[in-house]
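Report on the structure given below.
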Amino acid sequence: MSVTAVIGTQWGDEGKGKVVDYLAESADYVARFNGGNNAGHTVINEFGTFKIHLVPSGIFVRNTVGLIGGGVVIDPSVLIDEIDFLNNAGVDVEGRLWVSPRSHLIMPYHKILDGLYEEAKGPGATGTTLRGIGPVFADKVSYNGIRWSDFTSEMFESRLKVQLELKNKIIVALGGKALKYEEVRDMYGGYYARLRPYIRELFGIVQDGLKADKNFLLEQAMGTFLDTDWGTYPFVTASTTIPAAASAGLGIPPRYITNVVGVTKAYTTRVGAGPLPTEIHDVESEVYGKFGETAATTGRTRRVGWLDLELVRTAVMISGVTELCLTKLDVLSGLEEIQVCMGYRLNGKDVAYADVDAYGLDEVETMYKTVKGWKEDISKTRSFGELPIQAQEYVKMIEGAAGVPVKWIGVGPERDATIRK
Ligand code: IMP
């Protein structure tokens, strides 16, 4: 039996969706444990190209069972659309996708408040995905949340009434329009009726699976440095993203997590505000053109930077990474020289990521190593030995800094564009 967590070692968008889809071949259960539909995982396989936000990416492998744990917050309309989309594309999820009744619901007022808070913060805004993530998690921990389990009694209506009274006051005070109780009640009643066949307590499924030596693949949303505690607070997301969250979010005791695959993109990207020490600002540069990406969830352009090994090293320690998967190595092809950040200095002293806060991280001097690039297109390469020597050296340098082996290397978006080292 193995429980493997797949964890991004940067600011999300490391390419975890593809890695999970690839590793899911040997999984019995594929699970989401944190975040919500702020995540966007792109998966390209025999069924087509998918951008999925809530259903675990490993669902495309036929014999897997998908679990959405209580640690995930759910926008029901997004989940319904995703289920319909997957069923229509021939990825039958009926009877093999289960949603925890403990998961909290993103309500219309969460999305409105997310926007109003961002507006009120002005230049200090987080740059959220505006999906209501911060406000729903705030309600969860301040006992104001609404869960699927509330629908089995009168609880939903009474809780909704109280919440709407409270939230409408704030919305109106901030210049927004009050929501109508009957409209929200009917809308969510309809969502519950649609999703009811998928809602099921996961405790027995997870515990039986652990006892029966089944393989679990745990899929993190976002990345290590968006973690509420260990990320660049306040420029973070509202949930714990490190593997520890899988324990609470799914009910898997920590000692069962045997493998942690750290997913590292060969360069760095970030969406939203906050420090990005290796950021490349020259939008006209060749490298900016190569690294430029569009966010799967919001369509925003991602900020880009060189690979930052201080970040990767820190993520390996915090998340207990046992092996790395390096993604998008093919994107570096054609660069004469590549810069890699080996560490930081501040006020003339070496500093580690953990020594500085988000504002300090904006001030650090990045200590770059310049390495030689390679010209060859490597997207068809399927063995490590066939990679240009400079690409091999790049991988070895990452292993040296991180202290764990790189086991997989992504050289293209398709499932099979992967080198097993
Ligand atoms: P929120 O999670 O929508 O509240 O956004 C908080 C921060 O996390 C913002 O900087 C977002 O851009 C970032 N964020 C949220 N989800 C993702 C993701 O899936 N990939 C990358 N960044 C994300």
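Quick notes on this one:
- Filter result for Ala273 (among the hydrophobic types (A, V, I, L, M, F, W, C), in contact with a Gly (Cβ under 8 Å, 6 or more places away or on another chain) and in a helix (DSSP H, G or I)): no
- Filtering region 356-399 to residues that are of a type in the set (Val, Ile, Thr), buried (at least 17 other Cβ atoms within 10 Å of the Cβ) and in a helix (DSSP H, G or I) leaves Val395, Ile398.
- Looking across region 223-245, the residues that are open to solvent by less than 50 Å² (accessible area, probe 1.4 Å) and in a helix (DSSP H, G or I) come down to Thr224, Phe225, Leu226, Ala245.
- Test: residue in region 126-134 that is of a type outside the set (Ser, Thr, Tyr) and modelled with pLDDT under 95: yes
- In region 149-172, the count of residues that are crowded, with 21+ Cβ neighbours inside 10 Å and closer than 14 Å to Ala238 by Cα is zero.
- If you go through region 246-270 and keep only what is among the β-branched types (Val, Ile, Thr) and either in contact with a helix residue (DSSP H, G or I) (Cβ under 9 Å, 6 or more places away or on another chain) or part of a helix (DSSP H, G or I) (or both), you end up with Ile252, Ile257, Val260, Val261, Val263, Thr264, Thr268, Thr269.
One line per residue, one yes/no per condition, for (1) within 12 Å of the chain's Cα centre (by Cα); (2) over 24 Å from Thr258 (Cβ atoms); (3) away from the ligand (no atom under 12 Å from the Cβ):
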site: Ser2; (1), (2), (3): no, no, yes
site: Gly8; (1), (2), (3): yes, no, no
site: Glu14; (1), (2), (3): yes, no, no
site: Asp21; (1), (2), (3): no, no, yes
site: Asn37; (1), (2), (3): yes, yes, no
site: Gly48; (1), (2), (3): no, yes, yes
site: Pro56; (1), (2), (3): yes, no, yes
site: Asn63; (1), (2), (3): no, no, yes
site: Ile68; (1), (2), (3): no, no, yes
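- Of the residues making up region 119-134, those that are assigned to a helix (DSSP H, G or I) and within 9 Å of the ligand (Cβ to nearest atom) are Ile133, Gly134.
- Annotation note: Cβ proximity below 7 Å between a residue of region 92-109 that is closer than 22 Å to Gly58 by Cβ and a residue that is open to solvent by less than 20 Å² (accessible area, probe 1.4 Å) and at pLDDT below 95 (sequence gap 6+ or interchain) occurs for Val93/Ile59; Val93/Leu86; Leu97/Ile59.
- Residues in region 289-320 that are part of a loop (DSSP other than H, G, I, E, B) and touching a Pro at 6+ places or on another chain (Cβ under 9 Å): Gly320 only.
- Subset of region 321-338 that is of a type in the set (Asp, Glu) and not in a loop (DSSP other than H, G, I, E, B) - its residue that is farthest from Pro243 (Cα to Cα): Glu337
- Across region 21-46, the qualifying residues are those that are touching a Pro at 6+ places or on another chain (Cβ under 7 Å) and of a type in the set (A, V, I, L, M, F, W, C), and the one among them that is modelled with the lowest pLDDT is Ile44.
- Scanning region 402-417 turns up no residue that is farther than 24 Å from Gly17 by Cβ and surrounded by 15 or more Cβ atoms within 10 Å (Cβ to Cβ).
- Those residues of region 278-337 which are exposed (fewer than 15 other Cβ atoms within 10 Å of the Cβ) and of a type in the set (Val, Ile, Thr), in sequence order: Val283, Thr294, Thr301
- Residues that are in contact with a Lys or Arg (Cβ under 9 Å, 6 or more places away or on another chain) and open to solvent by less than 40 Å² (accessible area, probe 1.4 Å) within region 180-213 comprise Tyr181, Leu202, listed in sequence order.
- Total residues in region 279-297 satisfying the condition of being more than 23 Å from Leu309 (Cβ to Cβ) and within 19 Å of the chain's Cα centre (by Cα): the figure is 4.
- Failed item in (1) away from the ligand (no atom under 16 Å from the Cβ); (2) aliphatic (A, V, I, L, M); (3) buried (at least 17 other Cβ atoms within 10 Å of the Cβ), with Ala248 passing the rest: (3)
- Single residue of region 39-86 satisfying the filter (in contact (Cβ under 8 Å) with a residue 12 or more places away in the chain, polar (S, T, N, Q) and not in a loop (DSSP other than H, G, I, E, B)) that is least open to solvent (accessible area, probe 1.4 Å): Ser57
- Meets criteria (assigned to a helix (DSSP H, G or I) and over 30 Å from Ser2 (Cα atoms)) for Ile205: no
The values are calculated or read from the model by the stated rules, or taken from the named source; none is laboratory data. Owing to the predicted nature of the structure, the values given are computational and were not obtained by experimental measurement. Heads up, the Cβs are rebuilt from the backbone with ideal geometry, glycines too, and the neighbour counts pull from every protein chain shown. We work out accessible area using only protein heavy atoms, side chains counted, and drop any ligands, DNA or RNA first. Shrake-Rupley method; radii C 1.70, N 1.55, O 1.52, S 1.80 Å.
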